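Working notes for the structure below.
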Protein chains: 2
Amino acid sequence: MTLRFLTPTLAALALASTPLLWASEAPLLGFGPEESAAQHALEDRFRAALNASDQDQWLKILTAEPHHVGSAAGLRNVAWLKDQFESWGYETEVVRYDVSVPVPTVRRMALTAPEAWEGSLTEAALPEDPSTQAPEGLLPPYHAFSAEGDVEAELVFVNYGLKEDYEALARRGIDVKGKIVLAKYGRSWRGIKPKLAAEKGAIGALIYSDPADDGYGQGDPYPRGPFKHETGVQRGSVMDLPLRPGDILTPYAGAKDGTPRLPLEEVETLTPIPVLPLSYADATPLLKALGGEVAPTSWFGQLPFAYHLGPGPARVRLTLEFDYQTVPAYNVIARLPGARLPEQWILRGNHHDGWNHGAADPISGLVALLAEAKALGELAAEGHRLDRTVMYAAWDAEEPGLIGSTEWVEDHAEALREHLVAYLNTDGNSRGFANLGGSHSLQRLMNEVADATPDPILDVPVTDRLRAKLRLSADKSDQQEAKAPELPIAPLGSGSDYSPFLQHLGIASLNTSFGGEGPSGSYHTLYDTYAHYTRFRDPGLRYGVALAELNGRATLRLAQAPLLPFEFEGVADAVGRFLSDLEGATEKQRTAQQQRTARLNDGSYALALDPEGAVAPPEALRPVPYFNFAPLRNAHAKLAEAAQRYGALTANPTALSETLRATLDRKLAQAEAQLTDPEGLPRRPWFRHFLYAPGFYTGYGVKTLPAVREAIEEEEYEQVAQEVARTTARLEALTAHIEAMNALLDAPR
Amino acid sequence: MTLRFLTPTLAALALASTPLLWASEAPLLGFGPEESAAQHALEDRFRAALNASDQDQWLKILTAEPHHVGSAAGLRNVAWLKDQFESWGYETEVVRYDVSVPVPTVRRMALTAPEAWEGSLTEAALPEDPSTQAPEGLLPPYHAFSAEGDVEAELVFVNYGLKEDYEALARRGIDVKGKIVLAKYGRSWRGIKPKLAAEKGAIGALIYSDPADDGYGQGDPYPRGPFKHETGVQRGSVMDLPLRPGDILTPYAGAKDGTPRLPLEEVETLTPIPVLPLSYADATPLLKALGGEVAPTSWFGQLPFAYHLGPGPARVRLTLEFDYQTVPAYNVIARLPGARLPEQWILRGNHHDGWNHGAADPISGLVALLAEAKALGELAAEGHRLDRTVMYAAWDAEEPGLIGSTEWVEDHAEALREHLVAYLNTDGNSRGFANLGGSHSLQRLMNEVADATPDPILDVPVTDRLRAKLRLSADKSDQQEAKAPELPIAPLGSGSDYSPFLQHLGIASLNTSFGGEGPSGSYHTLYDTYAHYTRFRDPGLRYGVALAELNGRATLRLAQAPLLPFEFEGVADAVGRFLSDLEGATEKQRTAQQQRTARLNDGSYALALDPEGAVAPPEALRPVPYFNFAPLRNAHAKLAEAAQRYGALTANPTALSETLRATLDRKLAQAEAQLTDPEGLPRRPWFRHFLYAPGFYTGYGVKTLPAVREAIEEEEYEQVAQEVARTTARLEALTAHIEAMNALLDAPR
């Protein structure tokens, strides 16, 4: 398709809607007016050094073979990466950890009744895509950190395997105790599904990708289109990441020679039951063999029959054995020391290991990072040394459980707490809209950076596209958001290497990508290849260049700003939103409980449910007490005031003395850590951040104010007051930290 | 399933929630206290005379063979029906009309590109269901009143073939001019789809049943479950029923000997292009052969591939020829003359012709009617002669276009206007909740009747189940409705034999059924059989008995009430709701227009749409003026006041003189007609009712305040003031009519 309808409209827009790039006269956050102009010029030079052909070439090299942790190709990529960084003038080291990773030795899944059939558990080679043809060293589809076992039982279809799905089954008299569950991928992180199934008593779990979700229900399957091939399997880790990521044998410590190892029996983060991922080709005979009640139609996927719940008559035998190998994980760390403030570090990272060829995940993000590093190296070679130290990291073993980054963070925790100002993560990319996530102290910086980064096709700031999308949303709050002076950035859950930095150490972090116009079903399958990526995800790697520009500008501002470009009004705004959301969710939970009780008491369920149907009324819920959120509200009000004062006092940063700025910089780098508590979150002390965490029962998706929110969601109402107090203490700590800076700024000079 | 969870709860409920049957001491509407007691006793005797085995036996007899209009089996059913009514003591006549009906002689549908393939256009015989095996005289799947033709063109997939679907195609640069369209059944009445396709320039149309809508996407297909078999085809009429039903050659007149006939070329109600219904077995090769853009995923059905829009490369040749036969349509009219007020008639009707065996449609409704007639005949034989005349009608030729009833109504218009008090329609039944629709002057009667009719499984009033369902609805207005003293009954659109009575003559009408717990995909297919019905739709015909009880009670109250049980507060309430809804819809249309214009002007579409995608911004809409609805509001206020006064003045009807009651009865029978205008609705003068009509572009579904509403919906804003005036005049006429009764009631006696 061509731009047939856009050209005339956009010409008009350039005048009508948004200031042109650079047109704003206001100085950049953390800069004075003169330094802003110099920064613009520097970023122009940086931008000019970016090109798509570099990224295309690197993508081809790095995705030539499957390159998971411990693989020969992974090691070759590491050596190549080190060479690249060194050729661009970086001090580069390869940091090795010896980590424990399971390699499957036996994977069998068979129907034993009503008739015998065995799943292929393999992905088809496609003549259209050379990468898929007998690749060397290919890992087959499996779930890393599944339990081993040889189990056989009746099968039950559990929809997405969420809590509400088990409630719906219970209303139909179906218990999964002693059964094997079959769940669809989606709606929750994969590791949550066997965790919850095991809690419900299941002895095994299968997870398949329904074509409704990322197969032909979304568009043409690969190779005709980008969506999931019928044999495609989403492999992946089922380590209990919401409990703790990283090497399973060395919690809280880098997995080096001499680090004590846990015995495997004491590891808490293994999934308790055997679990295996399936393609829909392999899931179809299972679903067809299920009897029992017809599932609720909202549970149906896109396979051409009515889905039944079971249990049985389908019986499944699942056999899994693993070889727990200790393999070397190699992080490549490249460093460009700062000229003026070398003890302040900016770290930009992306993992390099992939489940297979890993074109989209992770290499599309890694090649953007390389482009940034190459451009900064060129600037340095031309004499533009940066003020602060900039580092690039290519992490290993992210896929099995953020292992490379977590081990490095645990190994260097003290130095990072002291020196690391911010961590900028990516983990893949595709065509479309900017996804901006991270610490809200960096929200304004990211808005300024995104305002300066043009969409590579439309040549308007990427924020213009975001605002346009929000204006067209049916959601009123999106329409409001479109008008806000600053676009809210998304709080971070987990699922990539920012997690140890942000949630374990309390380092301000960002996570960015483009996406939404290059969809696919290739995630973690054999089909995440160079051919697939360049045909469907980001042809010409134009958004690869945009991602490099976005992160490069952010890196350069963090490196060069006379005063670190943090601010706290964005944090206060975010906390206010999280609180309103928490209060709203609590009220909704209370209303739902009250309504359910009322409808149970007045007999509505008994009267309205099909008297000859299979569905019983739901269980009554625990009444939701009224909670005292006032401490959080009071702390929030004080935070907002302190943040506003800090903003006013630092409006002209270059008017401050260099000494004061250096002092402030050190304090700014510690600000995010105020939101962490060394004792961590309830049930999972490794996670220490009290604003953002992955959901204990939802996985990657973020829970804001997690200690309080999850106590309420899990109906542990007795815990709420304590977690309100602990969360309030974190907000007060940040306020005190800001007020300490304000006092320095207020002091007579 | 057993009632495992209901028994204890319901025992408690009987005390807690609703008054037991008969427990209410208030007299029935239209009755005094003493007459109410007598009426209860009479209805008890009526109820005792009902039984399921009669209905089961009749169902088997009447569905033994396909019995469409003009068929030998149809004629046998007519003779049998006449015998039954006569054996129960009814004066029975068979009224014949000679009507024009097309019988297909050539039906071919073939792919001519990208490869040749011909559709089977047949439904499979099933060993599990003897009715489906080579039935004598079976009509094949076709659309009655399609154009003839032999057309070949590229195919375009148009989703449900609604206006908004063509807008979505236009945004993708797809025009159906000169093409053949393939539409899914659903969302609009079938006849609208070719009508709209022809307006857009298509030269042929195919309509298929996607398994998402009533096939395996809803549950197990027949014979494993009740849903649509892969070869099942929904045949049916595509006569332009929203323009005018009935014999196509004799508009406004009964099709008798000597009635002048239009030449076929002058008939306005034929579909302008050839159109044919398909099974999904026959639609699958067409959809698979389509290329072009992938359809929006919301357009996908449940077939196992991504749906494409075309046009082409699929080319289709569609060949249809019909033999327009003049066939006899036989209405069976049975009469039990009233003892006291024989000139006041109550008419209860259901059609007897079916597309095939027609077990659910229409025989399940007809056997309930027969049960009522038999029971009333027995009461009469025991000496319980009713006050007013009760008539039963079994209509012929409903399926091709409400022909039997319409011809009879047009033939007897004068007598019916003078004598007919109310028409009570049914047209099929199944297990579940009561569906109550009709004139709102009968709303209170229907509430009282439904309060007295127990659900046959749960033994609570059917209104209790309805209220329970409303209380459990997520919709706030449903929850409010559950608390209303009277449950609103549904306004009627079209699609069954009430249409000529209500919308052409202005006779107060009702249409009732049970449903929602016996779903199916058998509608108008070969599989609507005795075996299917009794396995899935209403095993044991318990809801058949409930339907007979519901309509029998209504009939008995209309026949026996000292003053006809009409009231007008329900009408005023309904008009108020319709007005609020109209105002709300207008405001929504205005907001949508304004938002679209704003988003076009600020470039949001240009920025947010995929710049390399296929979708252009939408067209601007015509600005929606502000309309003066005050005349309607003022008329509504006066109607409400008059209605309230009438209610107060008739609170004790037996205190009124018999003469006055007789006078009021005559006026009450004329009240609904006040809402009709002899000039009819814009574009379709046959439809004369200004409160209720089928949608001109949506079909069966009702449009309330249709003259005003459709002028706004169709953006004919210049017409709105005139239609407000005409609608206001109808409301004022009803108010004047009520005030005239009030004056009689106020007059010194």
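The values are calculated or read from the model by the stated rules, or taken from the named source; none is laboratory data. These numbers were taken from a predicted model, which means no experiment stands behind them. Here the Cβ positions follow ideal geometry from the backbone for every residue, glycine too, while neighbour counts run over all protein chains shown.
Go through the stretch B:455-509 and give me each residue that's among the basic types (K, R) and over 29 Å from B:I346 (Cβ atoms). Reasoning before the result, please.
As a first pass, look at the stretch B:455-509 and keep what is among the basic types (K, R): B:465, B:467, B:469, B:471, B:476, B:483.
Result: B:K469, B:R471, B:K476, B:K483.
Looking only at the stretch A:278-297, which residues are more than 10 Å from chain B (Cβ to nearest Cβ), farther than 22 Å from A:T122 by Cβ and not in a loop (DSSP other than H, G, I, E, B)?
A:L290, A:G292
Quick check: anything in the stretch A:201-209 in a strand (DSSP E or B), of a type outside the set (G, A, S) and under 23 Å from the mean Cα position of the chain (by Cα)?
Yes: the stretch A:201-209 contains one or more residues that are in a strand (DSSP E or B), of a type outside the set (G, A, S) and under 23 Å from the mean Cα position of the chain (by Cα).
Go over the candidates B:L366, B:L402, B:L320, B:L347 one by one and state the one that is under 30 Å from B:E35 (Cβ atoms), buried (at least 19 other Cβ atoms within 10 Å of the Cβ) and in contact (Cβ under 8 Å) with a residue 40 or more places away in the chain.
Result of the check over B:L366, B:L402, B:L320, B:L347: B:L347.
Of these, A:D175, A:D210, which one is more than 18 Å from A:G401 (Cβ to Cβ), touching a residue at least 40 places away in the same chain (Cβ under 8 Å) and of a type outside the set (A, V, I, L, M)? Spell out the reasoning first.
Values: A:D175 fails: touching a residue at least 40 places away in the same chain (Cβ under 8 Å).
Among A:D175, A:D210, only A:D210 is more than 18 Å from A:G401 (Cβ to Cβ), touching a residue at least 40 places away in the same chain (Cβ under 8 Å) and of a type outside the set (A, V, I, L, M).
Applying the selection to the stretch A:414-459, what residues are at positive phi and within 14 Å of another protein chain (Cβ to nearest Cβ)?
Passing the criteria: A:G432, A:D459.
What number of residues within the stretch A:100-149 satisfy the criterion of being in contact with a Pro (Cβ under 8 Å, 6 or more places away or on another chain) and among the hydrophobic types (A, V, I, L, M, F, W, C)?
Residues that pass the stated criteria total 11.
Determine if the stretch A:126-135 includes at least one residue that is touching a Phe, Trp or Tyr at 6+ places or on another chain (Cβ under 9 Å), β-branched (V, I, T) and not in a strand (DSSP E or B).
Within the stretch A:126-135, one or more residues are touching a Phe, Trp or Tyr at 6+ places or on another chain (Cβ under 9 Å), β-branched (V, I, T) and not in a strand (DSSP E or B).
Suppose we filter the stretch B:599-633 for residues that are assigned to a helix (DSSP H, G or I) and free of Cβ contacts under 8 Å to residues at least 24 places away in the same chain; how many remain? Give the derivation first.
Of all residues in the stretch B:599-633, those assigned to a helix (DSSP H, G or I) come to B:599-601, B:604-608, B:630-633.
Keeping just the survivors that are free of Cβ contacts under 8 Å to residues at least 24 places away in the same chain gives B:599-601, B:604-608, B:630.
The total comes to 9.
Going through A:E382, A:E378 one at a time, which residue ends up being more than 20 Å from A:E93 (Cα to Cα), among the charged types (D, E, K, R) and more than 25 Å from the chain's Cα centre (by Cα)? If you could, list the steps in order and put the result at the bottom.
On the way: A:E378 fails: more than 20 Å from A:E93 (Cα to Cα).
Selected residue: A:E382, the only one of A:E382, A:E378 that is more than 20 Å from A:E93 (Cα to Cα), among the charged types (D, E, K, R) and more than 25 Å from the chain's Cα centre (by Cα).
Can you say whether B:G521 is touching an Asp or Glu at 6+ places or on another chain (Cβ under 7 Å) and within 14 Å of chain A (Cβ to nearest Cβ), as far as the supplied structure shows? Working first, answer last.
Working: touching an Asp or Glu at 6+ places or on another chain (Cβ under 7 Å): yes; within 14 Å of chain A (Cβ to nearest Cβ): yes.
For B:G521, the condition - touching an Asp or Glu at 6+ places or on another chain (Cβ under 7 Å) and within 14 Å of chain A (Cβ to nearest Cβ) - is met.
Please enumerate the residues belonging to the stretch B:566-602 that are of a type in the set (G, A, S) and within 14 Å of chain A (Cβ to nearest Cβ). Talk me through it step by step, then tell me what you get.
At the first step, the residues of the stretch B:566-602 found to be of a type in the set (G, A, S) are B:570, B:572, B:574, B:576, B:580, B:584-585, B:592, B:598.
Within the stretch B:566-602, B:A592, B:A598 meet the criteria.
Can you say whether B:P456 is buried (at least 18 other Cβ atoms within 10 Å of the Cβ), more than 17 Å from the chain's Cα centre (by Cα) and outside any helix (DSSP H, G or I), as far as the supplied structure shows?
Details: buried (at least 18 other Cβ atoms within 10 Å of the Cβ): yes; more than 17 Å from the chain's Cα centre (by Cα): yes; outside any helix (DSSP H, G or I): yes.
Answer is yes for this residue.
Quickly run through the stretch A:298-310 and pick out the residues that are facing chain B (nearest Cβ under 9 Å) and within 31 Å of the chain's Cα centre (by Cα).
Within the stretch A:298-310, A:F300, A:Q302, A:L303 qualify.
Looking only at the stretch B:704-717, which residues are in contact with a Pro (Cβ under 9 Å, 6 or more places away or on another chain) and either farther than 15 Å from B:G493 by Cβ or in a helix (DSSP H, G or I) (or both)? Lay out the reasoning, then the answer.
Taking the stretch B:704-717 as the starting set, the residues that turn out to be in contact with a Pro (Cβ under 9 Å, 6 or more places away or on another chain) are B:704, B:706-707, B:710-711, B:716-717.
Correct list: B:P706, B:A707, B:E710, B:A711, B:E716, B:Y717.
Here is a list of conditions, (1) assigned to a helix (DSSP H, G or I); (2) closer than 29 Å to B:T704 by Cα; (3) in contact (Cβ under 8 Å) with a residue 40 or more places away in the chain; (4) charged (D, E, K, R), and B:E587 meets all of them except one; can you say which number that is?
(3)
State which residue is surrounded by the most Cβ atoms within 10 Å (Cβ to Cβ) when the search covers only the stretch A:551-600 and only residues that are of a type in the set (S, T, N, Q) and touching a helix residue (DSSP H, G or I) at 6+ places or on another chain (Cβ under 8 Å). Don't jump to the end; show me each part of the working.
First, pick out the residues of the stretch A:551-600 that are of a type in the set (S, T, N, Q): A:551, A:555, A:560, A:580, A:586, A:589, A:591, A:593-595, A:597.
Add one more test, that the residue is touching a helix residue (DSSP H, G or I) at 6+ places or on another chain (Cβ under 8 Å), and what stays is A:551, A:555, A:560, A:586, A:589.
Working: A:N551: 25, A:T555: 28, A:Q560: 23, A:T586: 20, A:Q589: 16.
Taking the candidates together, the pick is A:T555.
Hey, can you tell me all the residues within the stretch A:227-237 that are within 14 Å of chain B (Cβ to nearest Cβ), in contact with a helix residue (DSSP H, G or I) (Cβ under 7 Å, 6 or more places away or on another chain) and crowded, with 24+ Cβ neighbours inside 10 Å? Let's see the steps before the verdict.
Applying the first criterion (within 14 Å of chain B (Cβ to nearest Cβ)) to the stretch A:227-237 yields A:227-230.
Checking which are in contact with a helix residue (DSSP H, G or I) (Cβ under 7 Å, 6 or more places away or on another chain) leaves us with A:227-228, A:230.
Within the stretch A:227-237, A:F227, A:K228 qualify.
Report yes if some residue within the stretch B:666-682 is in contact with a strand residue (DSSP E or B) (Cβ under 9 Å, 6 or more places away or on another chain) and either within 14 Å of another protein chain (Cβ to nearest Cβ) or in a strand (DSSP E or B) (or both); otherwise report no.
Yes, the stretch B:666-682 contains a residue that is in contact with a strand residue (DSSP E or B) (Cβ under 9 Å, 6 or more places away or on another chain) and either within 14 Å of another protein chain (Cβ to nearest Cβ) or in a strand (DSSP E or B) (or both).
Out of the residues in the stretch B:170-212 that are within 11 Å of chain A (Cβ to nearest Cβ) and among the charged types (D, E, K, R), which is surrounded by the most Cβ atoms within 10 Å (Cβ to Cβ)? Before you say what the answer is, go through the steps one by one.
First pass over the stretch B:170-212, keeping only residues within 11 Å of chain A (Cβ to nearest Cβ): B:171-173, B:211-212.
Narrowing the set further to residues that are among the charged types (D, E, K, R) leaves B:171-172.
Details: B:R171: 18, B:R172: 16.
Here the answer is B:R171.
Count, please, the residues in the stretch A:421-450 that happen to be closer than 22 Å to A:Y700 by Cα, polar (S, T, N, Q) and over 16 Å from the mean Cα position of the chain (by Cα).
2
Any residue that is closer than 30 Å to B:V615 by Cα and in contact (Cβ under 8 Å) with a residue 40 or more places away in the chain - is there at least one of those in the stretch B:255-269?
Step one: list which residues in the stretch B:255-269 are closer than 30 Å to B:V615 by Cα, which gives none.
Checked the stretch B:255-269: no residue is closer than 30 Å to B:V615 by Cα and in contact (Cβ under 8 Å) with a residue 40 or more places away in the chain.
Within the bounds of the stretch B:603-623, is there any residue that is away from every other protein chain (no Cβ under 14 Å), surrounded by fewer than 16 Cβ atoms within 10 Å (Cβ to Cβ) and modelled with pLDDT of 95 or more? Before you say what the answer is, go through the steps one by one.
Filtering the stretch B:603-623 down to residues away from every other protein chain (no Cβ under 14 Å) leaves B:621-623.
When the remaining residues are screened for being surrounded by fewer than 16 Cβ atoms within 10 Å (Cβ to Cβ), the result is B:622-623.
If we keep only those that are modelled with pLDDT of 95 or more too, we end up with B:622-623.
Yes, the conditions are met somewhere in the stretch B:603-623.
Going through the stretch A:484-514 one residue at a time, which ones are at pLDDT below 95 and assigned to a helix (DSSP H, G or I)?
Result: no residue meets the conditions.
Kindly check whether there is at least one residue in the stretch A:18-26 that is buried (at least 21 other Cβ atoms within 10 Å of the Cβ), over 16 Å from A:P454 (Cβ atoms) and either away from every other protein chain (no Cβ under 14 Å) or modelled with pLDDT of 95 or more (or both). Break it down into steps so the answer makes sense when it comes.
Keep residues of the stretch A:18-26 that are buried (at least 21 other Cβ atoms within 10 Å of the Cβ), which gives none.
For the stretch A:18-26, residues buried (at least 21 other Cβ atoms within 10 Å of the Cβ), over 16 Å from A:P454 (Cβ atoms) and either away from every other protein chain (no Cβ under 14 Å) or modelled with pLDDT of 95 or more (or both): absent.
Give B:P221, B:P242, B:P263 a once-over and let me know the one that is of a type outside the set (G, A, S) and surrounded by fewer than 20 Cβ atoms within 10 Å (Cβ to Cβ). Talk me through it step by step, then tell me what you get.
Details: B:P221 fails: surrounded by fewer than 20 Cβ atoms within 10 Å (Cβ to Cβ); B:P242 fails: surrounded by fewer than 20 Cβ atoms within 10 Å (Cβ to Cβ).
The conditions single out B:P263.
Going residue by residue through the stretch A:402-411, is there one that turns out to be within 22 Å of the chain's Cα centre (by Cα), part of a loop (DSSP other than H, G, I, E, B) and either at pLDDT 95 or above or within 17 Å of A:F85 (Cβ to Cβ) (or both)? Reasoning before the result, please.
First pass over the stretch A:402-411, keeping only residues within 22 Å of the chain's Cα centre (by Cα): A:402-410.
Restricting the remaining residues to those that are part of a loop (DSSP other than H, G, I, E, B) gives A:402.
Retained after the next criterion (residues that are either at pLDDT 95 or above or within 17 Å of A:F85 (Cβ to Cβ) (or both)): A:402.
Yes, that holds for at least one residue.
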